[in-house]
Amino acid sequence: MVREELKLLATVQAALGSEASANTAALRGRELDDARLLELREDVAVAKPEDLPALFEQMHHLGSLRAQRGKGVVGSVDPKNPYFGHLRLEENGKRRDILIGGKSYVDSSSGIKIVDWRQAPVSRIFYRYREDDDYEETMGGRAVEGVVRARRGVAIAGGELVRVSAPQGTFVRGDDGRWKRLDAFSARLRTEARTEASGAKKLPAHAAGDKHLPAIASMLDSAQFDLITRPGAGLIAIQGSAGSGKTTVGLHRIAYLAFAEPQRFRADRMLVVVPHEALMHFVARVLPSLGVEGVPISTFPRFARRLLPELFPKLPHRLHDDTPPVVVRAKTHAAMLRAIHAYAARLNDDLDARVAKVMEKWPMGDKVVAAWAATRVPAPGTKDEPVADQRVTTFAQWLAGKRAIDGAGVAATLPQVTRGAVERLGQELRSRARSVIGAWDEILTSREMLGEAFRGQKEFGSGQLDRVHEWCVRQARIRAEGERDGELEAIDVEDIPILLRLWQAMRGPLTAPDGTPIRMAHLFIDEVQDHSPVELRVLLDLANKDRSITLAGDSAQRMLDDDDSRGEFDWKGLLTEMGMAATTLEPLKVSYRSTAEITTFARGVLGPFAHEAEPITTRRGPDVELFNFASVGESVAFLADALKQLALDEPNANVALVARFPQQADVIYEGLERAEVPRVRRVAKQDFSWEPGFDVTDVRQTKGLEFDEVILLETTATTYPATSQARHALYVGATRAAHQLWCIASDKPSPVVTEALSTRPTT
Ligand SMILES: Nc1ncnc2c1ncn2[C@@H]1O[C@H](COP(=O)(O)OP(=O)(O)OP(=O)(O)O)[C@@H](O)[C@H]1O
């Protein structure tokens, strides 16, 4: 099998090589054309009018020549890594070989066909069927049936074949150039086992590749592929335990959509929202490797803070750093979204009543009322009304402050008295319908409105709501009066999504700094469980009318503070709250990132909050271990020895040392520095360098990331009591590890850890 793959690669490379020299000539020709075109453009700028036609003609001619040369250029199939999958299909007794790669390439003279993995339906066969399966698919409008004779994953690094995975076994080329079969631990999904973790010798570094650019397109399973290739419109929600490939699927889906409908899903019309900066950098590197450049990637705060000064120039820029936790909880609670929507609906009703009253006696009044209703932002959850005739619409838009009316328009035809009344009404409507800051103040400083919104929320008793109200009133006063007792005007960071949502509910789509409404063709929101309902609703309303949205999240990874008793994250409830219908999909079931040992431990950590279905694992690794010490000093000494040894044995290792709280990470970091552990870094703002060395950090920094080895610090009974918050935090930390996990405790170990360690994976 390896011989066959080596031969195939040599054929492909020979064909690509001869194309490449043809390309070089074509590319050189294009460069010359480009230079000449630039010269011509400069000539045009200074030419006399009578010379222009001739110059334009020359430019046109050169332009078509250049386009012609472009046709001969082989996409950008990389001869060093031209494909990653090999299918052999048999249809009507005839066999054909198809290669799956990142870019298409066809050379009929040498019989080579590489198809882009995003190209249905051939790649569908690759992803959906296994070796020896019969398949039935529609290709080019006709039904075809056949048998998959071979289905292999191949890793080609630096132009050399280094791994072949097939149902018959996984074969890797060692540093000495000899091929050997890897031991497989799992009977299931053996072909997908990651070689370096299978207990056998690691892949040579170049084969493992850059850990930020996992070339996993060849390994997507059929559930993942189905999610990726769902039709563009509508909202899909990807759920699954940690490391089941949710981020991977979301990003591949973007690549797929950009490929399938490039006009509709232009890169700059899509948006990826991730929880923090480290994941932003990760995504920024992965998407180009999947063939999509230029998709904006952001975190919610980054995105929101860019818009805020443009939308609300008068708002203070300063942010409080001492917002009481109870205020944070109230402002991020689902009840706040209800309060905003209730406010917007009431405002609409009020304004409708005002318009109806003034228009009562006017002959075209009923039409104006209808047009007014059509121009204002509909209450969330209702549909747009049909628009009345153009003149009336224009008038109503003027009423709503959305456009300036021309002198010869409707208003000019009105008698003086009516006109005066209508103008006054227009002013009133404009100011009320547009005053987002006024609405925000009104909601938060009205004890009644808060009480109404939070009615029935057990965790917000009336005493707590009083505290929230008190804080908001005080802040509003400081804003109105300027400084008070040395306190400067500022807003809470949690106010930002509230203001943006109010803007959407009252004035319509958010606008970019250049004034254009933001309407995205596709949105991918990762780690949904960590967004507040208000934030999420702001994000969802950035999508255009097709609502092409991918949400990814895992309720078990929700991070709440210890005093936050908000309970479990509820997908269904959330989407209903949002008024959005999502296609409910089966959760992803395969735990790809972590070994069976780590996955079983992590499931134990969750205890009563564990996912319904036990994740399927793909490989085995070392046992999870707990090391218990009598003091922090002793645990630091142990860690220092272990890390120094590792630095000697494996200079490329990158280990994450993860504490629950930043203060604990500080203590351990200082200890390790004193012990002169090489390349130890304190990561406090997700500024992971991904260089060899030891990153000491806290669990919030690591969301969505992965490391080969993770050491969980201070897994003591005090730090991780058996509460839901502590269990979720420990779960997030543990599931960052791909290969090996240690727990360190300098005091009585957490019962959550000891219980979880009592279950070992079954073979
Ligand atoms: N089909 C697959 N075959 C092999 N590896 C895969 C597959 N799908 C995903 N992976 C790998 O599994 C790891 C976890 O994937 P990913 O980060 O997408 O998971 P996730 O569900 O988003 O995790 P988390 O919930 O922790 O954020 C990555 O290293 C990814 O490359």
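I need the shape label for region 664-763. Rule: rounded when a/c is under 1.5, else prolate if a/b > b/c, else oblate, with a, b, c from the alpha carbon gyration tensor. Write down the numbers at each step before the final one.
Working: a/c = 1.74, a/b = 1.44, b/c = 1.21.
Judged from the Cα gyration tensor, region 664-763 comes out prolate (a/c at least 1.5, a/b above b/c).
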Quiz item: Label point 7 Å out from E137 along Cα-to-Cβ: which residues of region 216-254 have amide N under 17 Å?
Solution: 217-231
Quiz item: Given H placed 1.01 Å from N in the peptide plane, which residues other than close sequence neighbours of V680 have an amide H under 5 Å from its amide H?
Solution: F694
Practice problem: Over region 445-512, calculate the relative contact order: mean separation of alpha carbon pairs under 8 Å at least 6 apart, over the residue count, as a percent. | Solution: 21
Exercise. Could you tell me the distance between the Cα centroids of region 293-328 and region 131-162, to the nearest Å?
Key: 48
Self-check item: H739 - accessible surface, heavy atoms, 1.4 Å probe, Å² rounded to 10
Solution: 50
Practice problem: Go through region 657-672 residue by residue and turn each phi into a ³J(HN,Hα) via Karplus (6.51, -1.76, 1.60, θ = phi - 60°); whole Hz please, and just put x for glycine and proline. | Solution: 10, 10, 9, 6, 10, x, 4, 5, 5, 4, 4, 5, 4, 4, x, 5
Quiz item: Sorting D485, D97 by accessible area (1.4 Å probe), largest first, what list results?
Solution: D485, D97
Quiz item: Put R36, R41 in order of accessible area, largest first, 1.4 Å probe: what do you get?
Solution: R41, R36
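Considering only region 662-756, what is the antiparallel percent among its DSSP beta bridges, to the nearest 5? Don't skip to the end; give the middle numbers.
Working: 1 of 9 bridges.
Restricted to region 662-756, the bridges split so that about 10 percent are antiparallel.
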Quiz prompt | Farthest toward positive dipole pole in region 211-334 [+1 Lys/Arg, -1 Asp/Glu at C-beta], among G250, A260, P275 | solution = P275
Self-check item: K685, K113, K180, K545, reordered so the largest accessible area comes first (probe 1.4 Å)
Solution: K545, K685, K180, K113
Exercise. Kindly report, to the nearest 10 Å², the accessible surface of R318 as traced by a 1.4 Å probe over protein heavy atoms only.
Key: 130
Practice problem: Note the full-extension length gain between A45 and E293 as 0.36 nm times their separation in residues minus their Cα-Cα distance, in nm to one decimal. | Solution: 86.0 nm
Quiz item: How many angstrom separate the Cα center of region 433-452 from the Cα center of region 503-544?
Solution: 21
Quiz item: Roughly speaking, what is the stretch gain from E90 to R760, that is 0.36 nm per residue apart minus the C-alpha to C-alpha distance, in nm to one decimal?
Solution: 236.9 nm
Quiz item: Within the set K7/K94; K80/K180; K644/K703; K7/K103; K589/K685, which residue pairs have Cα atoms separated by over 29 Å?
Solution: K589/K685
Quiz item: How large is ³J(HN,Hα), in whole Hz, for each residue of region 138-146 in order, when computed from phi with the Karplus curve 6.51 cos²θ - 1.76 cosθ + 1.60 and θ = phi - 60°, using x for Gly and Pro?
Solution: 9, 10, x, x, 10, 7, 10, 10, x
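The values are calculated or read from the model by the stated rules, or taken from the named source; none is laboratory data. What you see is a predicted model, and the numbers here were worked out from it, not measured in a lab. Don't worry about glycine lacking a Cβ; one is built from the backbone with ideal geometry, like all the others, and counts go over all protein chains shown. Protein only, heavy atoms only, side chains kept; ligands, DNA and RNA dropped before computing areas. Shrake-Rupley method; radii C 1.70, N 1.55, O 1.52, S 1.80 Å.
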